[in-house]
Amino acid sequence: MLFILTSASIMTTDIIELHDCIVLVEQSDTTKTIVQKCEIDGDAVGFAFYGSGNVELEIKHNKQTKYLTNTTGLAICFFGNQKVEFSHKIEPDKPLQSISIFTKLKNLNSLPQAEREIFENYLPQLLNPKEHFVKGPSFYMTLEMQLAVQKIFNTSYTGNTRLLFLKSQVNELLAHFYALLASDKKTDLSEIDKNKLFQAKEIVTTNYSTPPSITQLSQMVGLNSNKLKKNFKELFGIPVFKYVQEERLNKAYELLRESEKTVQESAWEVGYESLSSFSNAFHKKFGMRPNDVKQQFFSNKS
């Protein structure tokens with residue numbers, strides 16, 4: 001066993017073995033703060049992709065305690081071993097959806113040459129760690145990566161079909177992460193500007209059905225409109241209102257699957273006045289029409 005959960009939790013954790021990797025598919029939706037403790041059994045390299053939620057990660061080793069805050073849209077990598085204790089603190093107002101991928105360090109030696117070269121060239125600190133815990137590069141996920149995460153949580157596949165599907169999405173996430181490493185996308189934003197952009201993201205996330213205009217948003221966070229548009233895309237990998245559209249469609253998907261609301265009611269609730277525009281945007285993102293999702297919901301209940 002590569003990854004050990006050391007405390008009971010009201011989180012949903014799906015543990016899947018894919019070849020030499022352990023994949024954790026985790027989500028929470030609760031009114032209580034969750035603290036999840038876990039350990040790694042042996043030397044391992046990990047990747048984590050946060051589809052939603054804000055997580056405070058506490059890392060203890062060598063009588064040291066480090067804290068990392070992982071937020072929606074972040075992709076991280078790290079090395080850790082059995083001498084490290086991890087603890088995730090998840091707040092109830094920001095439910096978690098995350099994909100974590102772990103593999104034994106020794107398994108990296110058997111990777112295909114092209115993939116092994118990525119570690120040698122871009123992740124040498126993880127390949128040859130100097131401490132019990134080593135943090136590697138982190139990025140904000142591209143739109144393609146966010147979509148891959150959403151597909152994992154939205155799939156209705158079961159059994160072997162689900163395993164094949166998850167394998168394809170995990171490989172896609174890792175490929176996109178490696179591409180970001182190779183392109184070395186870095187931002188030169190100040191911490192003050194980053195905080196303002198996070199504030200802007202929080203505002204449009206909360207008000208996705210009736211978002212403020214760019215002018216209004218720029219005034220609310222104290223950035224001029226051009227800088228807001230440019231830096232939002234640079235930091236989060238997606239334009240402001242494309243991000244709003246993604247939030248609307250994700251919420252609509254949840255409403256169609258989990259509530260009794262009709263397609264029309266779901267469209268109105270997330271801010272679409274035109275049913276045809278909603279249906280077309282939904283199909284482009286999820287590959288199916290809203291009615292198809294609603295029919296799946298009823299067939300699963302019956």
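Worth a mention:
- Taking each residue of the range 63-82 that is farther than 21 Å from Leu127 by Cα and looking for partners that are in a loop (DSSP other than H, G, I, E, B) and among the acidic types (Asp, Glu) with beta-carbon atoms closer than 8 Å, six or more apart or interchain, yields nothing.
- For the range 33-44, the criterion of being modelled with pLDDT under 75 and not aliphatic (A, V, I, L, M) is satisfied by at least one residue.
- Odd one out for Ala200, checked against (1) in contact (Cβ under 8 Å) with a residue 24 or more places away in the chain; (2) open to solvent by 20 Å² or more (accessible area, probe 1.4 Å); (3) under 16 Å from Thr72 (Cβ atoms): (2)
- Leading residue by the ranking (farthest from Thr72 (Cα to Cα)) among those in the range 228-241 that are assigned to a helix (DSSP H, G or I) and touching a residue at least 24 places away in the same chain (Cβ under 8 Å): Leu228
- Subset of the range 194-214 [farther than 11 Å from Tyr243 by Cβ and among the charged types (D, E, K, R)]: Lys194, Lys196, Glu202
- Taking every residue in the range 153-180 that is touching a residue at least 12 places away in the same chain (Cβ under 8 Å) and more than 23 Å from Val293 (Cβ to Cβ) and pairing it with any residue that is of a type in the set (Asp, Glu) and open to solvent by less than 60 Å² (accessible area, probe 1.4 Å), at least 6 positions away or on another chain, the pairs with Cβ-Cβ distances below 9 Å are Leu174/Glu115; Tyr178/Glu115.
- For the range 12-33, a residue qualifies if it is without any contact (Cβ under 8 Å) to a residue 60 or more places away in the chain and hydrophobic (A, V, I, L, M, F, W, C), and exactly one does: Ile15.
- Counted residues, the range 243-268 - those being within 20 Å of Phe153 (Cβ to Cβ), assigned to a helix (DSSP H, G or I) and open to solvent by 30 Å² or more (accessible area, probe 1.4 Å): 8
- Qualifying residue in the range 164-181 (condition: farther than 29 Å from Leu123 by Cβ, hydrophobic (A, V, I, L, M, F, W, C) and open to solvent by 60 Å² or more (accessible area, probe 1.4 Å)): no
- Thr215 being in a helix (DSSP H, G or I), touching a residue at least 12 places away in the same chain (Cβ under 8 Å) and of a type in the set (Ser, Thr, Tyr): no
- Residues within the range 256-284 that are in contact with a helix residue (DSSP H, G or I) (Cβ under 7 Å, 6 or more places away or on another chain) and of a type in the set (Gly, Ala, Ser), tallied: 5
- If the condition is being touching a helix residue (DSSP H, G or I) at 6+ places or on another chain (Cβ under 8 Å), open to solvent by less than 60 Å² (accessible area, probe 1.4 Å) and part of a helix (DSSP H, G or I), then the range 100-131 contributes Leu105, Leu108, Glu115, Ile118, Phe119, Leu126, Leu127.
- Screening the range 55-99 for strands (runs of 3 or more DSSP E) wholly inside it with 2 or more residues that are at pLDDT below 80 and open to solvent by 40 Å² or more (accessible area, probe 1.4 Å) returns the ranges 64-70.
The values are calculated or read from the model by the stated rules, or taken from the named source; none is laboratory data. No experiment lies behind these values; they were computed from the predicted model shown. Methodologically, a virtual Cβ is constructed for each residue, glycine included, from the backbone with ideal geometry; neighbour enumeration extends over all protein chains shown. Just the protein is used for accessible areas: all its heavy atoms, side chains included, with ligands, DNA and RNA removed. Shrake-Rupley method; radii C 1.70, N 1.55, O 1.52, S 1.80 Å.
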